[in-house]
DNA sequence: ATCCAGGCTCCTG
DNA sequence: CAGGAGCATGGA
């Protein structure tokens, strides 16, 4: 399915200003190298981030790039339907994705005083946790990433987009989008099984999509709940355990104080730094207490340091 | 080959 | 209710 083809592209733009110090080029470098970034287009030379996103029922191309005004960014939306309201909506999304409303100074102070975080965080001044642009996408990615290597998970995500996704065309450039939940919900399991999805992942992804498509799970409402209630709501889904729920809160919703402590890589990285060996989940939660109310930020930087091989 | 990877469900004892 | 097997696939 394609939207935008043959229709006039309209555009709207405005400048946006982050709170506190922002290193946007570093954020782009991160997104560019993150395994699950299948839907973003990053231009490191121009310093721009682009992706298609459905907002309020309209597929939009969102572009964020540098401004001539110091410490500011330019946000542009493009597509067959744009409006000032959609520009407002896009700005809210971009502020959430790049954590523009959070001054990183408070976390930086905490990290500077912490023996584990200091060496990890210090090289990345102005870096903030990047949120997956679409909550549904973060949920699907978390399920795909369960217990398999992330390279393979990436391949599964690519196939989901190729076979069932759709795209927005702007200026003859095709911008892919993840299939809508209702499309995945209606999918024949054989399609996914034929693409190396395991029986479990097939059932989980289709099942979660059914919950959303039917309205039994309302992602907008989920986003308004306190952390613990949102986690409980997610865990009732088949295929979603505590790790996945916490991952979604952190990476999909931008909650600042969640740590997926069941994560083996965190148990290894943080455990080794703290005690010299891998720790298990309860001990990792105990260690992470000192990072309240910034446990997601701490987690993000630990993962990022591994990704960048620092 | 063997182990394990950004886990979850289901079934034991 | 804690503990462990089974799941499916690919990379080290």
ask   = What residue, among those in region A:222-241 that are away from DNA strand C (no atom under 16 Å from the Cβ) and within 18 Å of the chain's Cα centre (by Cα), is surrounded by the fewest Cβ atoms within 10 Å (Cβ to Cβ)?
value = A:224
task = Please give the number of the condition residue A:265 fails out of (1) within 16 Å of DNA strand C (Cβ to nearest atom); (2) under 20 Å from the mean Cα position of the chain (by Cα); (3) closer than 25 Å to residue A:133 by Cβ; (4) in a loop (DSSP other than H, G, I, E, B).
result = (4)
task = For region A:189-201, name all the residues that are in a helix (DSSP H, G or I), away from DNA strand B (no atom under 12 Å from the Cβ) and crowded, with 20+ Cβ neighbours inside 10 Å.
result = A:192
key: Options A:208, A:264, A:240; residue that is over 25 Å from residue A:105 (Cα atoms) and free of Cβ contacts under 8 Å to residues at least 40 places away in the same chain   = A:264
query = Give me the pairs: first residue in region A:20-39 and within 27 Å of residue A:145 (Cα to Cα) and free of Cβ contacts under 8 Å to residues at least 24 places away in the same chain, second residue in a helix (DSSP H, G or I) and away from DNA strand C (no atom under 16 Å from the Cβ), beta-carbon distance under 8 Å, and six or more apart or on different chains, which are they?
reply = A:37/A:31
inquiry  = Which residue is modelled with the highest pLDDT, if the candidates are limited to region A:2-30 and must be closer than 17 Å to residue A:51 by Cα and part of a loop (DSSP other than H, G, I, E, B)?
reply    = A:9
Where residue A:31 falls short, out of the listed (1) more than 19 Å from residue A:91 (Cβ to Cβ); (2) under 21 Å from the mean Cα position of the chain (by Cα) = (1)
Condition broken by residue A:154, with the remaining ones in (1) more than 16 Å from DNA strand B (Cβ to nearest atom); (2) surrounded by fewer than 20 Cβ atoms within 10 Å (Cβ to Cβ); (3) part of a helix (DSSP H, G or I) satisfied = (1)
query = Is it fair to say residue A:60 is under 30 Å from residue A:150 (Cα atoms), modelled with pLDDT of 95 or more and in a strand (DSSP E or B)?
reply = yes
key: Single match in A:123, A:129 (criterion: assigned to a helix (DSSP H, G or I) and either touching a helix residue (DSSP H, G or I) at 6+ places or on another chain (Cβ under 7 Å) or surrounded by fewer than 15 Cβ atoms within 10 Å (Cβ to Cβ) (or both))   = A:123
request  = Collect the residues in region A:117-150 that are over 23 Å from residue A:49 (Cβ atoms) and either modelled with pLDDT under 95 or within 15 Å of DNA strand C (Cβ to nearest atom) (or both), keeping them in residue-number order.
outcome  = A:119, A:120, A:122, A:143, A:146, A:147, A:148, A:149
message = Which count do you get for residues in region A:234-248 that are in contact with a helix residue (DSSP H, G or I) (Cβ under 6 Å, 6 or more places away or on another chain) and part of a helix (DSSP H, G or I)?
response = 6
inquiry  = Just to check your reading of the model, which residue among A:221, A:211 is in a helix (DSSP H, G or I), closer than 19 Å to residue A:249 by Cβ and away from DNA strand B (no atom under 15 Å from the Cβ)?
reply    = A:221
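The values are calculated or read from the model by the stated rules, or taken from the named source; none is laboratory data. Please read all numbers here as calculations on a predicted model, not as lab measurements. Cβ atoms come from the backbone with ideal geometry, glycine included; neighbour counts cover every protein chain shown.
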